[in-house]
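Colleague: Here's a structure for you.
The values are calculated or read from the model by the stated rules, or taken from the named source; none is laboratory data. Bear in mind the structure is a predicted one, so any value in this text is a computation, not a measurement. Every residue, glycine among them, receives a Cβ derived from its backbone with ideal geometry; neighbour counts consider all protein chains shown.
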Amino acid sequence: MRPKLKITSSTYSREDLLDHIDDAHFQKNWKAKRRYQVILYALSGKYTTDEIAELVGCSRASVTNWVRRWREGGTWALEKNNYRPTRQPALTEEMIVDLVEHLTAGLISGGKGHESIQVWLKERYDLDLAITAVDYWYSKIWDRFCKGELQDCDGFPDNPHKVDLRLRKRMEGQDKKRAERERRRRQLSQVA
């Protein structure tokens, strides 16, 4: 039979952990709630690692990892997530800024469905995104735009017909120049 898992804490009492569990439940942070439950059971000293894993509904390895993290750093270490996103976002910051400029200039319609954005991303960046992904990115960009992280929110057109014509001409000129440069690069690469 495995020994009971026993940890001690001079900083946190049983009541403190119960408060953390309540807070996590109220904030709907289910990961933190389970981790605090593991620590609460381990502090009691009545259960083995296997029993705690079964009570909380996680693996034995998770229990030992969370207890180790608790010992090393307390609540902060327990709530911290150690994983990093492995995928790169579909749109880079440069693409987002370019998209916002084109939307503001009215060169792309940001209407319902966002098919025109999908086509623009395919033509401009050779990105083949599903329409649901385009909807996701549009709402994400809109939020950032309205928070002032990209530009003033007043510039984002509600109606594609309300656009700054000077900005539209400038953007069209930039697009023509970019297309011309790309055409020249292709010609030079064919010659070389």
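Colleague: Out of curiosity, is Leu165 at pLDDT below 80 and farther than 30 Å from Arg68 by Cα?
Modeller: It is true that Leu165 is at pLDDT below 80 and farther than 30 Å from Arg68 by Cα.
Colleague: Right, here's the next one. Being surrounded by 15 or more Cβ atoms within 10 Å (Cβ to Cβ), at pLDDT below 85 and not in a loop (DSSP other than H, G, I, E, B) narrows it down to one residue among Leu150, Leu78, Leu121; which is it? Talk me through it step by step, then tell me what you get.
Modeller: On the way: Leu150 fails: not in a loop (DSSP other than H, G, I, E, B); Leu121 fails: at pLDDT below 85.
After ruling out the rest, the residue left standing is Leu78.
Colleague: On to the next question. Give the residue that is farthest from Thr75 (Cα to Cα), with candidates limited to residues of region 21-39 that are of a type in the set (S, T, N, Q) and within 22 Å of the chain's Cα centre (by Cα).
Modeller: Gln27
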